[in-house]
Amino acid sequence: MLLDTLNYSSVEGSRNDKDIVIYSLSTCGFCKRAMTYLKDKGFSYRYIHLDQTPLETKSEVKRLLKASFNEDVAFPFAVIDKESYLVGFIEEDWKRTLGL
Amino acid sequence: MPEKTIADTAKFASMVAAKQGWIVNPDSDFTTSIEEGLTSNWNSMGYYLCPCRDSDGTREADKDLICPCKYSWQDIDEFGHCYCALYLSTSFASSGRAPGGIKDRRYAK
């Protein structure tokens with residue numbers, strides 16, 4: 001599946017109990033804030049800036065995410081353990097979903 | 001089209017804010033990152049696409065997302081800041097609160 005073969009960057013933290021993947025934009029302030037939040041909380045995560053991928057790849061990633069989660073893709077879009085998701089950086093939502 | 005600098009973009013944001021009666025987010029680190037994103041979008045696409053939104057590939061498709069985006073007025077009225085938090089209402093700014101993420105009104109159901 002395309003989502004498994006993308007060229008993600010990895011950030012290592014002391015917490016590896018969740019598989020966290022962030023779909024972001026390189027230009028987005030709240031994407032940066034979300035990733036800083038994860039880093040500050042010690043989570044390892046992977047991310048990809050979709051605006052730096054070819055248009056066809058980006059469109060297909062967005063289509064797959066929407067099909068999987070029945071949610072329009074806005075940024076940041078986080079997938080947790082391949083089964084839950086967070087859209088946008090609303091700190092209370094992230095706290096709850098990450099069990100903090 | 002000549003390239004924009006971050007200073008050009010900061011001036012643009014200040015002019016928009018002044019015209020609309022808004023405040024540019026006083027969190028300078030955050031605002032600089034937003035202005036960098038806007039500048040990058042101008043220089044790659046030729047228009048100020050909101051840096052927190054993804055391009056649909058053409059200016060026509062993105063027209064509701066060009067800064068200040070079509071949703072800014074409603075978001076500032078309701079939440080005190082626009083989606084990317086570049087612009088704040090005067091009352092939100094004077095409250096001292098930090099903007100948080102909000103739902104993208106473009107996809108409001």
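Annotations
One line per residue, one yes/no per condition, for (1) closer than 20 Å to A:G88 by Cβ; (2) among the basic types (K, R); (3) at pLDDT below 95; (4) in contact with a helix residue (DSSP H, G or I) (Cβ under 8 Å, 6 or more places away or on another chain):
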| position | (1), (2), (3), (4) |
| --- | --- |
| A:M1 | no, no, yes, yes |
| A:T5 | no, no, yes, no |
| A:I22 | yes, no, no, yes |
| A:K39 | yes, yes, no, no |
| A:S44 | no, no, no, no |
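- Here A:I48 meets each of (1) modelled with pLDDT of 95 or more; (2) exposed (fewer than 15 other Cβ atoms within 10 Å of the Cβ); (3) outside any helix (DSSP H, G or I) with one exception, condition (2).
- Helices (runs of 4 or more DSSP H) within region B:1-105 that include 1 or more residues under 18 Å from A:C28 (Cα atoms), within 14 Å of chain A (Cβ to nearest Cβ) and touching a Phe, Trp or Tyr at 6+ places or on another chain (Cβ under 8 Å): B:6-20, B:28-45, B:59-62, B:72-79
- Filter pass, A:R33 being of a type in the set (K, R) and either in a strand (DSSP E or B) or modelled with pLDDT of 95 or more (or both): no
- If you go through region A:62-78 and keep only what is within 19 Å of A:F30 (Cβ to Cβ) and within 11 Å of another protein chain (Cβ to nearest Cβ), you end up with A:K62, A:E71, A:D72, A:V73, A:A74, A:F75, A:P76, A:F77.
- Residues in region A:27-51 that are more than 8 Å from chain B (Cβ to nearest Cβ) and of a type in the set (S, T, Y): A:T36, A:Y37, A:S44, A:Y45, A:Y47.
- When A:D17 is tested against (1) part of a helix (DSSP H, G or I); (2) over 29 Å from B:T32 (Cα atoms), only condition (1) is not met.
- Scope region A:24-70; condition among the acidic types (D, E) and under 12 Å from A:V11 (Cβ atoms); matching residues: A:D40
- Qualifying positions in region A:73-100 - more than 14 Å from the chain's Cα centre (by Cα) and in a loop (DSSP other than H, G, I, E, B): A:G99, A:L100
- Contacts under 9 angstrom Cβ, first residue in region A:13-26 being within 14 Å of chain B (Cβ to nearest Cβ) and buried (at least 23 other Cβ atoms within 10 Å of the Cβ), partner part of a loop (DSSP other than H, G, I, E, B) and basic (K, R), 6 or more apart: A:L25/B:R53
The values are calculated or read from the model by the stated rules, or taken from the named source; none is laboratory data. Because the structure is predicted, anything quoted here is derived from the model rather than measured. No Cβ is skipped: glycine too gets one built from the backbone with ideal geometry, and neighbour counts run over all protein chains shown.
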